[in-house]
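Visitor: Please find one structure pasted underneath; my questions will follow.
Quick note: the coordinates plus some simple rules give every number you see, no bench work behind them. Just so it is clear, the model here is predicted, and its values are computed rather than measured. Every residue, glycine among them, receives a Cβ derived from its backbone with ideal geometry; neighbour counts consider all protein chains shown.
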Amino acid sequence: MSDWFHWQGQDLHLALKVQPRAGKDEFVAGQDGYLKVRITAPPVDGKANQHLIRLLARTFKVPQHQIALTAGETGRLKRFVIHAPRVMPGFMAENRGRL
């Protein structure tokens, strides 16, 4: 079990630490109970949250409506729930939740 994700039935719960205005979108490292994610979007008017939802949808191969932001709407520390992800990214499967 990882400290930054866990399963509850078919729902995958993620704890993310987000760095907006990065040079590229990327999942960086699991640390201190969060997976660090860099995104190119600015933290303005919810743009970073929407960008992050699109990135998670592409990564886990689910429609955006299956992803819910459950905590951290205005902060860098966020919690998401992804319902029934179709794909587990290599950084989760190969490293048991740690990059």
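Visitor: Going through the range 30-41 one residue at a time, which ones are in contact with a strand residue (DSSP E or B) (Cβ under 9 Å, 6 or more places away or on another chain) and buried (at least 19 other Cβ atoms within 10 Å of the Cβ)? Write out each step before concluding.
Guide: Here is the first cut: in the range 30-41, the ones in contact with a strand residue (DSSP E or B) (Cβ under 9 Å, 6 or more places away or on another chain) are 30-39.
Selection gives 30, 34, 35, 37, 39.
Visitor: Need the failing condition index for residue 91 against (1) aromatic (Phe, Trp, Tyr); (2) surrounded by 14 or more Cβ atoms within 10 Å (Cβ to Cβ); (3) in a strand (DSSP E or B), just the number.
Guide: With (1) aromatic (Phe, Trp, Tyr); (2) surrounded by 14 or more Cβ atoms within 10 Å (Cβ to Cβ); (3) in a strand (DSSP E or B) applied to residue 91, the lone miss is (3).
Visitor: Does the range 18-25 contain any residue that is touching a His at 6+ places or on another chain (Cβ under 9 Å), among the acidic types (Asp, Glu) and either in a loop (DSSP other than H, G, I, E, B) or free of Cβ contacts under 8 Å to residues at least 24 places away in the same chain (or both)?
Guide: yes
Visitor: Being surrounded by fewer than 18 Cβ atoms within 10 Å (Cβ to Cβ) and under 17 Å from residue 6 (Cβ atoms), is that true of even one residue in the range 42-62?
Guide: No, the range 42-62 contains no residue that is surrounded by fewer than 18 Cβ atoms within 10 Å (Cβ to Cβ) and under 17 Å from residue 6 (Cβ atoms).
Visitor: Given the conditions (1) touching a Leu at 6+ places or on another chain (Cβ under 6 Å); (2) assigned to a loop (DSSP other than H, G, I, E, B), report the number of the one that residue 82 does not fulfil.
Guide: Exception for residue 82: condition (2).
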